[in-house]
1. Does Val14 satisfy the condition of being modelled with pLDDT of 60 or more, part of a loop (DSSP other than H, G, I, E, B) and either surrounded by 11 or more Cβ atoms within 10 Å (Cβ to Cβ) or of a type in the set (S, T, N, Q) (or both)?
2. Name every residue in region 17-32 that is in a loop (DSSP other than H, G, I, E, B) and closer than 14 Å to Val74 by Cα, in order of residue number.
3. For region 37-93, which positions are at positive phi, at pLDDT 60 or above and open to solvent by 100 Å² or more (accessible area, probe 1.4 Å)?
4. Working only within region 18-36, note down all residues that are within 20 Å of Glu67 (Cα to Cα) and either in contact with a strand residue (DSSP E or B) (Cβ under 6 Å, 6 or more places away or on another chain) or open to solvent by 90 Å² or more (accessible area, probe 1.4 Å) (or both).
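The values are calculated or read from the model by the stated rules, or taken from the named source; none is laboratory data. Everything quoted here is computed from the prediction, not taken from an experiment. With ideal geometry, Cβ positions are generated from the backbone for all residues, glycine too; neighbour counts draw on all protein chains shown. The area values use the complete protein model at the heavy-atom level, side chains included, leaving out ligands, DNA and RNA. Shrake-Rupley method; radii C 1.70, N 1.55, O 1.52, S 1.80 Å.
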Amino acid sequence: MELSFSELRTKEVVNTQDGKKLGKPCDVVLCYPENRWLGIVAPNGRGFGLKKSNVFIELKNIVKIGEDVILVNVGLPKKPTGKRNDCPPPPMPAPYSAGRNFDEYE
């Protein structure tokens, strides 16, 4: 299947993990000396005054290129909401043991 960039940028990019539309491809990333296609760049589907952030989609994450849609499998990072549950738990001390050894304090 041959596909030009002008044809590719008319297709909608949809994430298969959550079903969200990421927008239409705004760029293609190529590796020049090796003549390899590395992936596409999509605008992440945000708009209306919200901060836009582009997302790079590697070639291995493109599931299917159809007539009017590009299906991708991308786990996008979640935006923190400020709730306590979004914070990771504090790290445990490296040599964690149930009993304490007070010999080193004497």
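1. Criteria not met by Val14.
2. Scanning region 17-32 gives Gln17, Asp18, Gly19, Lys20.
3. none
4. Selection gives Lys20, Lys21, Leu22, Gly23, Lys24, Pro25, Cys26, Asp27, Val28.
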